[in-house]
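> Have a look at this one before I ask anything.
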Amino acid sequence: MNIPVSKNPRIVIIGGGFAGIALAKKLKNTNYQVVMLDKHNYHTFQPLLYQVATGGLEAGSIAYPIRKVIQQYHDFYFRLTSVKDIDTENQKIISEIGDLHYDYLVIATGSKTNYFGNKEIERNAMSMKTIPQSLNIRSFILENFEQAVLTKDEADRNALMNFVLVGAGPTGVELAGALAEMKKEILQKDYPDLDIPQMQINLIQSGDRVLNTMSEKSSVAAEKFLDNLGVKVWKNVRVTNYDGRTISTNSDLSFDSATVIWTAGVQGAIVHGLDAKSLVERVERIRVNQFNQVNGYDTIFAIGDIASMETEKFPQGHPMMAQPAIQQGDLLGDNFIKLSQNKPMKPFEYNDKGSMATIGRNKAVVDLPKYHFSGFFAWVVWMFVHLFSLIGFKNKAVVFMNWMYNYIRFDREGRLIVRPFKKRSFTTFTSDEI
């Protein structure tokens, strides 16, 4: 990898997500050589991916170059690669561009979409965990409307205009709200020769309420907002299959849809090489102790979504969200500094600052430790929390200007097919493979 030899111990960080970046900032100009590896050369602000997918923002406004983050960091290196394996016996990682020895290894690979073992759904549905996937969704949505204009068969046209989102967590709810606003304010103007009111947005939830990780008050408010926007919410329904045309469920309910977006769950993005006893198989997370050390290893740590720290309050591990990842990265950075000073490490304790979701213009729900509220003020809180969480002044400014423009003009000018997307399809759709 062409990393120079250093007198300092080497920390290798796999992943430049929320956890990895938080750790990197803490290790700026410390008594360590730090090497960060990621398959992308940018950090993605994942909470706003749905706005890229629906044309509200351009991809560049929610991405930030990793090399720009670390450009003032001494003895700190970035390499663009994917890690294939970990050789724990010889303390080295094996990647696409070569091997690298580590003194300490930090796994911060985040999460990926969980299809719960259903290969046909995985093959035919779309997911939204990365910027390329969001751009694919944006292109595919617009391509479907372009195809619907040309389609004479009513059943095919309806399927092209029928959107099904599986999973009513924050991502599913926010995406449903954004699609509903596109239907109401934009698509009728763009496609006057289509009967846009026939467009359907279906949100399927296997549980008995949307946003089931938030308070019941917020769940009820969110569902009411969705209903007012025309989103059809189907609760206690589990999707069993999707063949590219028809969605099957565990009931008599079925849907014909060209676009199924899977937001029903996530699992850890595992790196091979760790002992099986260190892994939680069902969700593919890595068991760690209170210091984020991987069970069975003294020099390997895991932070963020990939880490499962099982405590009395969180028996299944901490929520796979940005805040636990950032806090774990911050603390681990402090603990590495303590290690270099031969001081004891501090155990991790999650400070739950609350959660929130937006359902569209002037509509959001916010859960704080002592307060739960919804509506316009919640929407303003959601907007500014996300705005100030972005990395880089330019990104903050661009996103703010886009939001103000969209709010005033009721518009989303990012609805461009700049990279056409072809997928497995039916009848009038293209038969090209993904």
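> Any residue at all in region 144-153 that is under 22 Å from the mean Cα position of the chain (by Cα) and either of a type in the set (Phe, Trp, Tyr) or open to solvent by 40 Å² or more (accessible area, probe 1.4 Å) (or both)?
Here is the first cut: in region 144-153, the residues under 22 Å from the mean Cα position of the chain (by Cα) are none.
No, the conditions are met nowhere in region 144-153.
> If you go through region 31-44 one residue at a time, do you hit one that is in contact (Cβ under 8 Å) with a residue 24 or more places away in the chain, open to solvent by 10 Å² or more (accessible area, probe 1.4 Å), closer than 30 Å to Leu187 by Cα and of a type outside the set (Lys, Arg)?
Yes, region 31-44 contains a residue that is in contact (Cβ under 8 Å) with a residue 24 or more places away in the chain, open to solvent by 10 Å² or more (accessible area, probe 1.4 Å), closer than 30 Å to Leu187 by Cα and of a type outside the set (Lys, Arg).
> Kindly indicate the residue of region 328-360 that is open to solvent by less than 30 Å² (accessible area, probe 1.4 Å), polar (S, T, N, Q) and farther than 18 Å from Leu211 by Cα and also farthest from the chain's Cα centre (by Cα) among those meeting that condition.
Going through the qualifying residues, I end up with Asn335.
> Considering only region 242-254, I want to know if a residue exists there that is among the small types (Gly, Ala, Ser), at pLDDT below 95, open to solvent by 40 Å² or more (accessible area, probe 1.4 Å) and in a loop (DSSP other than H, G, I, E, B).
Scanning region 242-254, I find at least one residue that is among the small types (Gly, Ala, Ser), at pLDDT below 95, open to solvent by 40 Å² or more (accessible area, probe 1.4 Å) and in a loop (DSSP other than H, G, I, E, B), so the answer is yes.
> What number of residues within region 175-213 are over 19 Å from Leu142 (Cβ atoms) and open to solvent by 10 Å² or more (accessible area, probe 1.4 Å)?
Within region 175-213, residues that are over 19 Å from Leu142 (Cβ atoms) and open to solvent by 10 Å² or more (accessible area, probe 1.4 Å) number 7.
> Looking at region 72-191, what helices (runs of 4 or more DSSP H) fall wholly within it and have at least 2 residues that are in contact (Cβ under 8 Å) with a residue 40 or more places away in the chain and closer than 24 Å to Leu229 by Cα?
Because the criterion is at least 2 residues that are in contact (Cβ under 8 Å) with a residue 40 or more places away in the chain and closer than 24 Å to Leu229 by Cα, the helices (runs of 4 or more DSSP H) in region 72-191 that meet it are 131-150, 154-160, 170-182.
> Taking Val294, is it open to solvent by less than 10 Å² (accessible area, probe 1.4 Å), in contact (Cβ under 8 Å) with a residue 12 or more places away in the chain and under 22 Å from Gly268 (Cβ atoms)? Don't jump to the end; show me each part of the working.
On the way: open to solvent by less than 10 Å² (accessible area, probe 1.4 Å): yes; in contact (Cβ under 8 Å) with a residue 12 or more places away in the chain: yes; under 22 Å from Gly268 (Cβ atoms): yes.
The answer is yes for Val294.
> While we're looking at this one, here's another question. Do the conditions hold for Glu174, that is, is it under 18 Å from the mean Cα position of the chain (by Cα) and among the charged types (D, E, K, R)?
Yes, satisfied.
> If you check Thr263, Thr246, Thr259, which single one turns out to be at negative phi and free of Cβ contacts under 8 Å to residues at least 12 places away in the same chain?
Thr246
> Of all residues in region 1-20 being over 22 Å from Ile97 (Cα atoms) and in contact with a helix residue (DSSP H, G or I) (Cβ under 7 Å, 6 or more places away or on another chain), which is most open to solvent (accessible area, probe 1.4 Å)? Let's see the steps before the verdict.
Filtering region 1-20 down to residues over 22 Å from Ile97 (Cα atoms) leaves 7-8, 18-19.
Subset that is in contact with a helix residue (DSSP H, G or I) (Cβ under 7 Å, 6 or more places away or on another chain): 18-19.
Values: Phe18: 42, Ala19: 6 Å².
By that ranking, first place goes to Phe18.
The values are calculated or read from the model by the stated rules, or taken from the named source; none is laboratory data. Bear in mind that the values here come from a model prediction, so they are computed numbers and not experimental data. Don't worry about glycine lacking a Cβ; one is built from the backbone with ideal geometry, like all the others, and counts go over all protein chains shown. Side chains included, ligands, DNA and RNA excluded: accessible areas come from the protein's heavy atoms. Shrake-Rupley method; radii C 1.70, N 1.55, O 1.52, S 1.80 Å.
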